[in-house]
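Written below as structure tokens is the structure these notes are about.
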Amino acid sequence: MLAATAVAIVVPALLLASPGVADAASTRNRADAAAGWLGRQLSPATGLSTGQFGPDYGLSADIVLALDSAGVGQAVAGRTTRALAANVGAYTGFGAPSDFFAGAFAKLINVAVAQRVNPRRFGTSSRRDLVGHLRYLECGRGNRPACPAADTGRFSDQSSFGDFSNTITQSLALVALHRATRPGPSSPSVGYLLGQQCSNGAFPEALSTPGCTPSVDATAFAVQALHVVRGAKAEAAAVRAGRWLAQVQNRDGSFTSNKSRNTNTTGLAAQALRAIGRAQAAARAEAFLRSLQSGCGAAAANRGRVRYDKAGSGDAVRATAQAVPALARVTLADISRTGATRSLPTLAC
């Protein structure tokens, strides 16, 4: 699952409520209630999502995007954005000066654009130019160290830990550059993503590997990226991928990954289906998300959250972060804090 792209440490979160913003409003809107619950899971000490091994920057970024999608919680979203800006090095390279992770730069650009912060001056570190660093990591471009010729256009990690870039990070990069720059992503980078499409229309998560194992999560990101960069080939590929998503949707509206019908994957697929105009399939997916959302019958502290699956396994914070944009019917390329309120609403009961 998305997750935080492969560049973030994926850990469960046991988080505290943020004071002072929790009870300013009540709502019956499902997306707003979910976002309100989500914002209250951030640490009051750091403004970040905290996991077993410390701050989870990728999940923190997802929470900001979720709050912006719903148009709520800007007091918290702004604080978390500032915390991310203060930790760009820790997120984009685990603190190592020679390590650079493309997916982290791409996700931060999307956060910066949504929050209306200059992505070329994000914080004060030597990595504050997120756009410049992401472009540097594109194979075949400028001063980027040599990549295999077949990887021209790939946004590839430069790291002693290995290369974790994948279809999700490539898609995030295309959307980020489309939103943050006038020329948008390069033709080779779009072409590289197009070249990963399977014969059945789906996209695999792993890049440039033998075979083509379809991934709903990766396909959902690719659809959103190709739809927004446009062009006849990109749009045709997005439509084919959307057709595949509709074909693998379960009868209850859900989508399956990791052998589970879960809200992470379903939320991503709903965004993609909505982006390409498959409104009926998207609505069924959104209904599945609502079916796993805690309502007035739950403990007050849990109202609004979205469970990972019917068994209640998985991380509810991560699941809710992926569900909110779908419930708000906002695609990745359209997320913005414009018009958002400061409060974290609670579910009206």
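Compute the signed sum of charges (Lys and Arg +1, Asp and Glu -1) over the other residues within less than 14 Å, Cβ to Cβ, of ASP99. Can you show the working numbers first?
Details: positive: ARG127; negative: ASP157, ASP163.
Computed value for this residue: -1.
How much FRET efficiency would the formula 1/(1 + (r/R0)^6) give for GLN280 and SER313, where r is the Cβ-Cβ distance and R0 is 30 Å, rounded to 0.05? Spell out each step's value before the answer.
Numbers: r = 29 Å, r/R0 = 0.97.
About 0.55, to the nearest 0.05.
Modelling each spin label as a point 7 Å along the Cα-to-Cβ direction, I'd like the ALA90/ARG144 distance in nm, to one decimal.
Spacing of the two 7 Å Cα→Cβ label points: 2.9 nm.
If I ignore ligands, DNA and RNA and count only protein heavy atoms, how much of ASP129 is accessible to a 1.4 Å probe, in Å² to the nearest 10?
Taking all protein chains as shown, ASP129 has close to 50 Å².
Which trypsin sites (Lys or Arg not before Pro) does segment 312-346 hold that lie in a coil by DSSP with at most 14 other beta carbons within 10 Å?
In loop regions of segment 312-346 (DSSP not H, G, I, E or B), the sparsely surrounded trypsin sites (Lys or Arg not before Pro) are ARG342.
What lysines could a cross-link reach from LYS107, if we take a straight Cα to Cα line under 26 Å and drop same-chain neighbours fewer than 8 places away?
The qualifying lysines are LYS233.
Could you tell me whether segment 233-299 comes out rounded, prolate or oblate from its Cα gyration tensor? Rule is a ≥ b ≥ c as square roots of the eigenvalues, rounded for a/c under 1.5, then prolate if a/b exceeds b/c, otherwise oblate. Intermediate values should be presented prior to the final figure.
Numbers: a/c = 2.73, a/b = 2.02, b/c = 1.35.
It comes out prolate by the Cα gyration axes.
How many angstrom separate the Cα center of segment 136-185 from the Cα center of segment 304-349?
A separation of 29 Å, based on Cα centres.
According to the square roots a ≥ b ≥ c of the eigenvalues of the Cα gyration tensor, what is the shape class of segment 133-255, taking rounded for a/c under 1.5, prolate for a/b larger than b/c otherwise, and oblate for the remainder?
Values: a/c = 2.05, a/b = 1.53, b/c = 1.34.
Cα axes put segment 133-255 in the prolate bin.
Say the dipole of segment 81-237 comes from +1 at the beta carbon of Lys and Arg and -1 at that of Asp and Glu; which of PHE161, GLN197, SER186 then lies farthest toward its positive end?
It is SER186, whose Cα lies furthest towards the positive end.
List the residues whose amide H sits under 5 Å from the amide H of SER26, counting only those 5 or more places along or on another chain, with H placed 1.01 Å from N in the peptide plane.
THR346
Label THR46 and SER125 with points 7 Å out from Cα along Cα→Cβ: what is the distance between them in nm?
1.3
Express the carbon and sulfur contribution to the solvent-accessible surface of the chain as a percent, rounded to the nearest whole number, probe 1.4 angstrom.
Working: 6930 of 13600 Å².
C and S atoms contribute 51 percent here.
Please give the per residue volume of the convex hull enclosing the alpha carbon atoms of the chain, rounded to a whole number of Å³. All intermediate terms of the calculation are to be shown ahead of the outcome.
Details: hull volume 43.4 nm³, N = 349.
So the per-residue hull volume is 124 Å³.
Do any chymotrypsin sites (Phe, Trp or Tyr not before Pro) in segment 108-207 lie in a loop, going by DSSP, with at most 16 other beta-carbon atoms within 10 Å of their beta carbon, and if so which? Walk me through the numbers before you get to the answer.
Values: sites: PHE122, TYR136, PHE155, PHE161, PHE164, TYR192; in loops: PHE122, PHE161, PHE164.
Here the chymotrypsin sites (Phe, Trp or Tyr not before Pro) that fit, given the DSSP loop and packing criteria, are PHE161.
Hey, what number do you get for the chain at 222 nm if only DSSP H runs of n ≥ 4 count, each worth -39500 (n - 2.57), divided across all residues, to the nearest 500?
Details: 13 runs with 153 residues, N = 349.
For the chain, the value works out to -13500 deg cm²/dmol.
May I ask you to give the solvent-accessible area per residue for the chain, in square angstrom, as obtained with a 1.4 angstrom probe? If you can, show how the numbers build up before the last one.
Values: 13600 Å² over 349 residues.
Using a 1.4 Å probe on heavy atoms only, each residue of the chain averages 39 Å².
With every protein chain left in place, what is the accessible area of SER126 in Å² (1.4 Å probe, nearest 10)?
Accessible area of SER126: about 100 Å².
Please compute one quarter of the surface area of the Cα convex hull for segment 166-237 and express it in square nanometres. Don't skip to the end; give the middle numbers.
Details: hull surface 16.8 nm².
Mean shadow area of the hull around the Cα atoms is 4.2 nm².
Name the shape class, rounded, prolate or oblate, that the alpha-carbon gyration tensor gives for segment 84-193, where a ≥ b ≥ c are the square roots of its eigenvalues, rounded holds for a/c under 1.5, and otherwise prolate holds if a/b is larger than b/c and oblate otherwise. Walk me through the numbers on the way to the answer.
Values: a/c = 1.85, a/b = 1.19, b/c = 1.55.
It comes out oblate by the Cα gyration axes.
Does anything in segment 249-275 have its amide N under 14 Å from the 7 Å Cα→Cβ label point of ASN200, and if so which residues?
Under cut-off, by backbone N: 249-250, 256-257.
To the nearest 10 square angstrom, how much accessible area does LYS310 have with a 1.4 angstrom probe?
Around 140 Å² of this residue is reachable by solvent.
Please give, to one decimal in nm, the separation of the simple spin-label points placed at ALA236 and THR209, each 7 Å out from Cα toward the Cβ.
According to this spin-label approximation, the distance is 2.9 nm.
What lysines sit close enough to LYS310 to cross-link, taking a C-alpha to C-alpha distance under 23 Å and skipping anything fewer than 8 places away on the same chain?
The qualifying lysines are LYS259.
The values are calculated or read from the model by the stated rules, or taken from the named source; none is laboratory data. Being a predicted model, the structure only gives us computed values, none of them experimental. FYI the Cβ positions are ideal-geometry reconstructions off the backbone, even for glycines, and counts take in every protein chain you see. Accessible surface areas use protein heavy atoms only, side chains included; no ligands, DNA or RNA. Shrake-Rupley method; radii C 1.70, N 1.55, O 1.52, S 1.80 Å.
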